[in-house]
Amino acid sequence: MNTLTPTWSDVRRIDDAAQNVAKFVFTRDDAVAEAVLYRYPTYEDRTVICCSTQSGCPMGCRFCGAGDHFVRNLTSSEIVAQVEKCIEETGVNPASMKRLQIMFMSMGEPMLNALNLEVAIRTLHVLYPNAALLISTSAPDVGPDAWTAIENLSWDVPPVGLQFSVHETLDHERDKLIPFRKKLTLSQIVRQGMHWYAATGRRPFFNYCAHDGNSAADDADRLLCLFDPDYWCATVSVVCERSDGLPATNERQRKLATDFGAMLVQRGFDVRVFDPAGQDTIGGGCGQLWFVQDWMRQHPDKARPSIGAGRPEVHAPTAEA
Ligand code: SF4
């Protein structure tokens with residue numbers, strides 16, 4: 001099954017010069033989406049796909065290029081079609097991939113589109129039963145029924161993983177970074193993650209974008225007070241510059257992430273550092289979404305300002321900082 005044709009009217013591929021990462025921009029008259037395809041080092045060894053669940057995003061994260069505008073939820077077919085296209089472009093039989101990871105973390109807040117996400121995940125699990133399926137959420141307060149539905153889905157579909165984007169260790173700082181008001185507090189995130197662990201027996205992740213203001217030893221200590229390393233795994237992500245034309249990454253950003261990751265390791269966490277390829281060339285990193293930003297500028301009638309619009313942006317730390 002390939003659902004690309006009836007869902008997206010155009011798809012554009014943009015390659016990184018090193019050819020280990022490609023971006024796909026999906027458009028139709030009323031929506032845009034991006035997916036990113038990575039190989040490590042070959043598609044047979046490990047293929048990673050990040051796909052979008054919404055066009056734009058209402059959460060408003062201040063480091064994210066999608067955070068200023070929202071268009072609409074994507075349908076389950078529009079989500080599945082992004083993955084199908086990426087798989088098709090690998091030229092490899094997905095059943096023969098040693099590792100295949102599909103991450104709902106390119107653009108959009110998955111839990112604000114939970115019904116379509118669930119249908120997409122069940123469909124993808126049938127199409128690609130060997131794929132790990134990671135839901136990465138900033139934890140909007142969608143009510144207990146929606147979280148229970150995710151627990152039930154995770155029980156039915158064992159490769160589903162759950163990651164919470166935390167990014168700050170104090171709620172008032174997190175409110176500035178993620179201005180969407182109706183969201184879980186840090187302690188509510190901990191409770192929700194532990195609930196998911198109890199329901200599935202699998203360890204949840206918290207994701208942390210390291211920047212100059214949130215990467216001190218005190219932050220690591222606060223994370224340890226909140227998240228029990230016996231149950232929680234940590235992802236520390238390199239923050240990328242959202243604006244095209246500015247250097248996307250530098251050694252300082254990477255050092256911030258690796259140093260903070262080391263602090264978490266010292267405190268007993270199982271840590272992975274996420275440093276996506278293609279940040280400087282095609283906007284392949286977290287929250288960059290250059291082509292989406294361009295589409296939003298060209299479609300002001302469809303892209304409504306989100307709560308993030310007009311608020312101060314968080315830029316990636318500079319090499320001189
Ligand atoms: S980081 Fe994710 S949740 Fe935040 S605005 Fe961007 S797409 Fe939305």
>> Looking at Tyr38, Tyr43, can you tell me which residue is part of a loop (DSSP other than H, G, I, E, B) and away from the ligand (no atom under 16 Å from the Cβ)?
In response: Tyr43
>> Give me the strands (runs of 3 or more DSSP E) completely within the range 46-87, filtered to those with at least 1 residues that are near the ligand (Cβ under 10 Å from one of its atoms) and buried (at least 24 other Cβ atoms within 10 Å of the Cβ), ordered by residue number.
In response: 54-56, 69-73
> Does the range 114-136 contain any residue that is assigned to a loop (DSSP other than H, G, I, E, B) and among the hydrophobic types (A, V, I, L, M, F, W, C)?
Replying inline: no
>> Take Val92 and tell me if it is more than 13 Å from the ligand (Cβ to nearest atom), free of Cβ contacts under 8 Å to residues at least 12 places away in the same chain and more than 30 Å from Asp68 (Cα to Cα).
In response: no
>> Condition first: assigned to a loop (DSSP other than H, G, I, E, B) and in contact (Cβ under 8 Å) with a residue 60 or more places away in the chain. Now tell me which residues in the range 168-202 satisfy that.
In response: Ile178, Pro179, Phe180, Arg181
> Taking the range 155-181 only, how many residues are away from the ligand (no atom under 13 Å from the Cβ) and within 16 Å of Asn113 (Cα to Cα)?
Replying inline: 1
> How many of the residues in the range 104-139 are crowded, with 18+ Cβ neighbours inside 10 Å and either among the basic types (Lys, Arg) or within 16 Å of the ligand (Cβ to nearest atom) (or both)?
Replying inline: 19
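Quick note: the coordinates plus some simple rules give every number you see, no bench work behind them. Quick caveat: nothing in here was measured; it's all calculated off a predicted structure. Cβ coordinates were reconstructed from backbone atoms using ideal geometry, including for glycine residues, and neighbour counts include every protein chain displayed.
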